[in-house]
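**Student:** Before anything else, here's the structure in question.
Throughout, read-outs are computed from the coordinates displayed, never taken from laboratory work. Small disclaimer: the values here were computed from a predicted structure and weren't measured. So basically every Cβ, Gly included, is an ideal-geometry build from the backbone, and we count neighbours across all protein chains shown.
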Amino acid sequence: MDRIATGAALLVWALAASGPGLAQTGPPATPATPATQPATAAAPAETLPLAQDPTQRLTLPVMVNGKGPYDFLVDTGSDRSVISRELAATLALPPGRRVTIHESAGSDRVSTVIIDHLTVGARTIDHVEAPSLGADNLGAAGMLGVDALRDLHLVMDFKAMTLSSSPSRAEPLDEHTIVVRGKSRFGQLILANAKIRGKPVLVVLDSGSQVSVGNPALLKLLTGHDVSAKPDKTTVLVTVTGRRAEVELDVIAEAQIGGVLVRNMPLAFAPLPIFDRFHLTNQPALLLGMDVLSLCRKVTVDLRRHEATFTID
């Protein structure tokens with residue numbers, strides 16, 4: 001599970017950098033043949049209001065055992081849903097097992113609590129064994145991970161500030177929308193057809209991170225030096241368990257993700273253990289956070305179909 005919360009230094013630096021921009025290159029890709037859908041595929045999409053926390057991450061109102069609603073982060077980069085220790089104590093949730101969670105800066109053994117019913121809109125997930133973490137590091141009452149999202153087609157509309165969910169399906173495309181396909185590792189969607197400087201780069205969509213982070217192989221591709229070299233700008237990333245990691249800061253002049261061209265993209269670099277977990281150590285790779293995703297008008301994520309779409313009009 002990967003959660004990153006940056007300090008004010010990174011936010012100030014990102015705002016001071018030349019503003020990133022998006023452009024579309026090439027026509028929309030032809031959708032793949034739809035996979036076999038569950039019996040509920042014809043159900044209409046449900047649309048819920050989105051909000052953004054101070055770090056641009058998206059939150060949804062969630063009911064826990066019929067109480068709430070509470071603001072939970074929408075996190076496509078986390079393998080399981082999480083609740084804050086403070087909310088778990090308030091609701092007197094019974095303890096569960098201790099489990100290992102994987103985050104950007106390492107792995108930790110943490111306590112869990114048992115949630116009988118976790119409700120998002122009209123959808124309810126029963127018996128969730130959720131890690132309980134400090135609210136200060138989490139930055140919210142909880143976090144919705146891929147265990148709650150994996151069978152859904154999610155539409156994040158940043159213009160209307162809504163999130164629509166329906167059973168996994170193909171996204172209707174138009175001249176402003178590009179589909180990008182990939183594969184799944186540990187439940188996360190890894191996009192395969194991205195390029196920086198003409199070289200292939202693997203991309204992990206991470207709506208729970210406010211900043212995009214590249215691995216050392218990507219840094220070397222772009223600058224010719226390793227993270228061991230003394231960087232000009234650094235800051236500290238803080239994970240949901242309180243782990244801290246120093247990262248190098250830079251601006252990428254141009255990157256292409258599928259048919260989407262991203263210019264002047266602020267990017268952090270670090271040899272984070274999460275890249276080892278995803279087997280993304282030797283090949284250039286990056287975690288694509290809200291600093292880039294929110295530049296689009298709309299982003300869809302379908303974990304079952306292993307695809308995402310970007311609308312940039």
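**Student:** Can you work out the FRET efficiency for the pair residue 117 and residue 92, with r the C-beta to C-beta distance and R0 = 22 Å, to the nearest 0.05? Could you put the intermediate results ahead of the total?
**Tutor:** On the way: r = 15 Å, r/R0 = 0.67.
That pair, residue 117 with residue 92, gives E of 0.90.
**Student:** Can you list the HN-Hα couplings for the range 271-287, worked out from phi with the Karplus curve (6.51, -1.76, 1.60; θ = phi - 60°), rounded to whole Hz and with x for Gly and Pro?
**Tutor:** x, 6, x, 4, 5, 5, 4, 7, 6, 10, 8, 8, 9, x, 8, 8, 8
**Student:** Residue 201's amide H: which non-local residues (gap 5+, or another chain) put their own amide H closer than 5 Å, with H modeled 1.01 Å from N in plane and none for Pro or chain starts?
**Tutor:** Result for residue 201 returns 194, 195, 196.
**Student:** In this model, which of 67/298; 183/298; 183/220; 195/233 are farther than 28 Å apart at the alpha-carbon? Walk me through the intermediate numbers first.
**Tutor:** On the way: 67/298 31 Å; 183/298 21 Å; 183/220 25 Å; 195/233 25 Å.
Correct reply: 67/298.
**Student:** Check which residues have an amide H placed less than 5 Å from residue 77's amide H, if you skip close sequence neighbours.
**Tutor:** Hits under the 5 Å cutoff: 207, 208.
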